[in-house]
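Chemist: One structure follows; several queries about it will come next.
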Amino acid sequence: MSTGSGAASAPAPEPHDTLSALDTPARKNSMFSSLRIRNYRLFFLGQVVSNTGTWMQRIAQDWLVLTLTGSSAAVGITTALQFLPMLLFGLYGGVLVDRLRKRPTLLVTQTAMALTSLALAALTLTGQVQVWHIYVAAFALGLATVVDNPARQSFVTELVGPGQLQNAVSLNSANFQSARLVGPAVAGLLITGVGTGWAFLLNGLSFIAPLTGLLLMRSRELHTVERAPRGKGQLREGLRYVTGRPELIWPIVLVGFIGTFAFNFPVYLSAFADDVFHGGAGVYSMFNTLMAVGSVSGALLAARRGTARLRLLIVAALAFGGLEILAAASPELWMFALIMVPLGLVSMTVNVTTNTSLQMSTDPAMRGRVMALYMMVFLGGSPVGAPIVGWVTDTYGARVGFAAGGAVAVAAATVIGLILARAGGLRLSVGWHGGHPRVRFVPREHQEALAPAV
């Protein structure tokens, strides 16, 4: 069995290092330090344009399905079909990415996604579009994503090197979420003004920017990363690599629960806009835009941080679930909309912290497989969760569906936080400090030393 660059033989961290291994400060960078690198700057600028188009299509696609069917469950099915390929083939995509050169691979996947969007635009603009067309297009985009997502995630290391990885990952997230500010707003104008087909068309054309950036990159300035040779058993090797490391497997499990049940915003927000507050596409677009404001803030804060802490991941996941429950109970539109900002901030903190911690803890030869597993669990959970939460939302109402998703996030963060604390040799300490209760994790030895003699 081939092991690439010896990744399988890398020693696992000691148990007490599970939570602390990722707490060592990385090299301090300015907020935009990665943009000094020409290749990354080309990548970043291309993604600005493409991500804006992607958000336009997401909003237009969800609203078109809701218009054609009047069903939140149908929106959930569309989301499920888009992420089903990641669930079915995500790990195989990771194996391919570890073997292939990243830049040519991205040229192929980005071209395929552009052609799919242009085909959907043609059907919509000619008035021939039916729901099954949207389902097919969503599935086709999902197939391209199987390879495109892990390739883009792992390509960042080749662009900037390990010293700038934390900063570049955070800026990528800020890039995506900044586009979320513009994309939904433009989509809302297009939908109400000229129709959803133009959003699909502009998204297809937006892929010209990242394709041009990839072609203009200088190969000699890319950081060399050893590719895994072709061999048998590489999929099993990747799974063993992850399951043997608590600092990898448990964050992936956590985002699996959150991605499956709590991140189904197309279902939740479209239902709140249409059924609860009786708004239109503009209200749905507003919710997404406000979430993006918080998400950009969270990503930029992450770009300034020099650490990727698992403790921060757990706290952010707890806050995320709590805010969803609070939003579900909001009686007024303005209250619900206001909560979207901090909800976006903590959701981005969960996303960036998990992404960065996984990449920084993974051997380069295994990175494609690890990131594919992460994306498979995070995004691939939607095919399971979206129809379920869509059915719950249709049957019991948007408030119950949203609150249930938040409750799952809180429960998962609590249980996995305790598991990681135990694996890291920590225990929960409850006491008083300055007249106020204080709850924290301390090393077991420290707590035993503080315990009164019996």
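The values are calculated or read from the model by the stated rules, or taken from the named source; none is laboratory data. These numbers were taken from a predicted model, which means no experiment stands behind them. Ideal geometry is used to build each Cβ from the backbone, glycine not excepted, and the neighbour counts take in all protein chains shown.
Chemist: Mind checking whether some residue in region 56-72 is in contact (Cβ under 8 Å) with a residue 12 or more places away in the chain, farther than 16 Å from ASN149 by Cα and aromatic (Phe, Trp, Tyr)?
Modeler: Checked region 56-72: at least one residue is in contact (Cβ under 8 Å) with a residue 12 or more places away in the chain, farther than 16 Å from ASN149 by Cα and aromatic (Phe, Trp, Tyr).
So that you can scan it fast, the table gives a plain yes or no per residue for (1) over 26 Å from the mean Cα position of the chain (by Cα); (2) within 20 Å of GLN110 (Cβ to Cβ):
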| site | (1), (2) |
| --- | --- |
| ALA187 | no, no |
| LEU190 | yes, no |
| ALA199 | no, yes |
| GLY204 | no, yes |
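Chemist: Mind listing just one residue for me: the one in region 50-79 that is under 16 Å from the mean Cα position of the chain (by Cα) and surrounded by fewer than 24 Cβ atoms within 10 Å (Cβ to Cβ) and, of those, farthest from GLY193 (Cα to Cα)?
Modeler: ASN51
Chemist: Considering only region 388-415, state which residues are farther than 19 Å from ALA273 by Cβ and either among the acidic types (Asp, Glu) or under 19 Å from the mean Cα position of the chain (by Cα) (or both).
Modeler: VAL408, ALA409, VAL410, ALA412, ALA413
Chemist: Let me ask another. Inspect all residues belonging to region 232-239 and state whether any of them is within 30 Å of ILE37 (Cβ to Cβ) and either crowded, with 16+ Cβ neighbours inside 10 Å or in contact (Cβ under 8 Å) with a residue 40 or more places away in the chain (or both).
Modeler: yes
Chemist: Condition test on ALA319, is it without any contact (Cβ under 8 Å) to a residue 40 or more places away in the chain, over 16 Å from ASP62 (Cα atoms) and not basic (Lys, Arg)?
Modeler: yes
Chemist: Looking at (1) modelled with pLDDT under 85; (2) crowded, with 17+ Cβ neighbours inside 10 Å; (3) over 17 Å from the mean Cα position of the chain (by Cα), can you tell me which one LEU333 breaks?
Modeler: Result: LEU333 passes all but (1).
Chemist: Ok, one more. Which one is surrounded by the fewest Cβ atoms within 10 Å (Cβ to Cβ) among residues in region 102-126 that are out of contact with any helix residue (DSSP H, G or I) (no Cβ under 6 Å at 6 or more places or on another chain) and farther than 30 Å from SER219 by Cβ?
Modeler: This residue is THR126.
Chemist: Search region 331-357 for residues that are among the aromatic types (Phe, Trp, Tyr) and pair each with any residue that is surrounded by fewer than 23 Cβ atoms within 10 Å (Cβ to Cβ) when their beta-carbon atoms are under 9 Å apart and the residues are at least 6 apart or on different chains.
Modeler: PHE336/VAL276; PHE336/PHE277; PHE336/SER330
Chemist: Determine which single condition VAL129 fails, assuming it passes every other condition in (1) buried (at least 17 other Cβ atoms within 10 Å of the Cβ); (2) in a helix (DSSP H, G or I).
Modeler: Looking at each condition in turn, VAL129 falls short on (2).
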